1. What pairs come out if I take residues in segment 8-28 that are within 16 Å of Val354 (Cβ to Cβ) and pair them with residues that are outside any helix (DSSP H, G or I) and open to solvent by 50 Å² or more (accessible area, probe 1.4 Å) whose C-beta lies under 6 Å away, six or more apart or interchain?
2. For segment 331-357, name all the residues that are under 17 Å from Met188 (Cα atoms) and touching a Pro at 6+ places or on another chain (Cβ under 9 Å).
3. Given Arg312, Arg291, Arg266, Arg306, which one is closer than 20 Å to Gly150 by Cα, in a helix (DSSP H, G or I) and not hydroxyl-bearing (Ser, Thr, Tyr)?
4. Taking the conditions exactly as written (over 22 Å from the mean Cα position of the chain (by Cα), among the aliphatic types (A, V, I, L, M) and in a loop (DSSP other than H, G, I, E, B)), does Ala401 satisfy them or not?
5. In segment 148-167, which residues are in a helix (DSSP H, G or I) and within 15 Å of Thr209 (Cα to Cα)?
6. For segment 98-134, what are the residues that are of a type in the set (S, T, N, Q), under 18 Å from Lys246 (Cα atoms) and assigned to a helix (DSSP H, G or I)?
7. Give the number of residues within segment 269-288 that are in a loop (DSSP other than H, G, I, E, B), of a type outside the set (Val, Ile, Thr) and surrounded by fewer than 23 Cβ atoms within 10 Å (Cβ to Cβ).
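The values are calculated or read from the model by the stated rules, or taken from the named source; none is laboratory data. Note that the structure is a prediction, hence the values are computed from the model and not measured. Because the Cβ atoms are built from the backbone with ideal geometry, glycine has one as well, and the counts that use them run over all protein chains shown. Accessible surface areas use protein heavy atoms only, side chains included; no ligands, DNA or RNA. Shrake-Rupley method; radii C 1.70, N 1.55, O 1.52, S 1.80 Å.
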Amino acid sequence: MYKKALEKAIASLHSEGRYRVFADIIRHKGNFPNATYHRPGGTDEIVVWCSNDYLAMGQHPVVLQAMHEAIDTVGAGSGGTRNIAGTTHYHIELETELADLHGKEAALLFTSGYIANDATLSTLVKIFPGLVILSDELNHASMIEGIKRGGGSKQIWKHNDLADLEERLKALPYDQPKLIAFESVYSMDGDIAPIGAICDLAEKYNAMTYLDEVHAVGLYGPRGGGIGERDGVMHRVDIIEGTLAKGFGLMGGYIVSSATMVDVIRSYAPGFIFTTSLAPVLAAGATASIRHLKTSQVERAQHQERAAVLKRKLAAAGLPVMPSVCHIVPVLVGDPVICKQISDELLNDFKIYVQPINFPTVPRGTERLRFTPGPAHTDEQIDDLVKALSTIWKRRDLKLAA
């Protein structure tokens, strides 16, 4: 009985074209985006086009040196939870850097961005009785899960629709606790939230704001503080959540806010209290990465230039590149099975690695390939990618852009 239920669940994913296959790869230190793909029966040299290490900071000499020094100084593990031997000076230094990056009083580290969202949002519901969370309909799964786990009242507002958000806020009592939860860069469509306008509504209707900047920190703003910093509205957001695993190239998540807010989450969130802290070596690397990107504009400029070039060449080839105002470059396929097949063909025939993005990550019928060009992708690699996609589109007789 149990085995049949498990087999049925997996068979369902296969039939819908949603079964996920993990690519076994090894990145080449100092030579990203090149990697070795371990396939059944051998290996291939490939080019990675879907890494969230957007700036290749996971390969940067400054980061690697800091991590070597940390592991030589304190060893590998952290020793426990933050409360029980798991707080080191590396953690304190990193939280200080993060608070400074966002201009907030305090920061709190988590083991991932997912846990940061889940733990914080679920805890806020318990701290503010009667809290209503107004969540953008395209928010990340971690935000959705945190809101659900909190068990409080929630409303889903239309994506980036200020009129719909205001109607919902207006209908709630002014004195009722309210939290607007949204992202800055939406990673599947590549659009950006109007942060300042959302803060205007929050102030007008007595609501708090919770901003997920995971796909923006390190990448935007004069010091890499995200879209909030770029747009000059970072100080107006009550809680900012970010990751160390994308623009900064490491692992972990965090929130920044007032000292009191951070103290409350630190003291009440089970997802923080009862888990082993980040290894000091990761904290040291993240601190080095943040410090570097606070002053260096080179990586951010190259990143934006590469994304613009890829978008332009995809469009010139007539491929259905979706509109994007950021570094995300999605190409619409619209069918989960075909999307997976194209991904396989790119890897097997052209040595190009990109994962298919299917439901539930995106709505059915909008399945896509999501490319994340970085500073190290060359013109030749971009041309090879466009040529490979054009070849596949032609031999499959797929629809080109109008």
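1. Asp24/His38
2. The first filter runs over segment 331-357 and keeps only residues under 17 Å from Met188 (Cα atoms), leaving 331-336, 339-340, 343, 354-357.
Passing the criteria: Val331, Leu332, Val333, Gly334, Pro336, Cys339, Lys340, Ser343, Pro356, Ile357.
3. On the way: Arg312 fails: closer than 20 Å to Gly150 by Cα; Arg291 fails: closer than 20 Å to Gly150 by Cα; Arg306 fails: closer than 20 Å to Gly150 by Cα.
Sole residue among the options that is closer than 20 Å to Gly150 by Cα, in a helix (DSSP H, G or I) and not hydroxyl-bearing (Ser, Thr, Tyr): Arg266.
4. On the way: over 22 Å from the mean Cα position of the chain (by Cα): yes; among the aliphatic types (A, V, I, L, M): yes; in a loop (DSSP other than H, G, I, E, B): yes.
Yes; evaluated as a whole, the condition is true for this residue.
5. Going residue by residue through segment 148-167, those that are in a helix (DSSP H, G or I) are 148-150, 162-167.
Within segment 148-167, Leu162, Leu165, Glu166 qualify.
6. As a first pass, look at segment 98-134 and keep what is of a type in the set (S, T, N, Q): 111-112, 117, 120, 122-123.
Of the ones still in play, those that are also under 18 Å from Lys246 (Cα atoms) are 111-112, 117.
Listed by number, the list holds a single entry, Asn117.
7. Initially, segment 269-288 is screened for residues in a loop (DSSP other than H, G, I, E, B), giving 269, 274-275, 277-279.
Next cut, of a type outside the set (Val, Ile, Thr) only: 269, 274, 277-279.
The next check asks that each one be surrounded by fewer than 23 Cβ atoms within 10 Å (Cβ to Cβ); those that pass are 274.
Result for segment 269-288: 1.
The rows are residues; the columns are (1) open to solvent by 40 Å² or more (accessible area, probe 1.4 Å); (2) free of Cβ contacts under 8 Å to residues at least 40 places away in the same chain.
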site	(1), (2)
Asp164	no, yes
Gln176	yes, no
Glu183	no, no
Tyr186	no, no
Leu201	no, yes
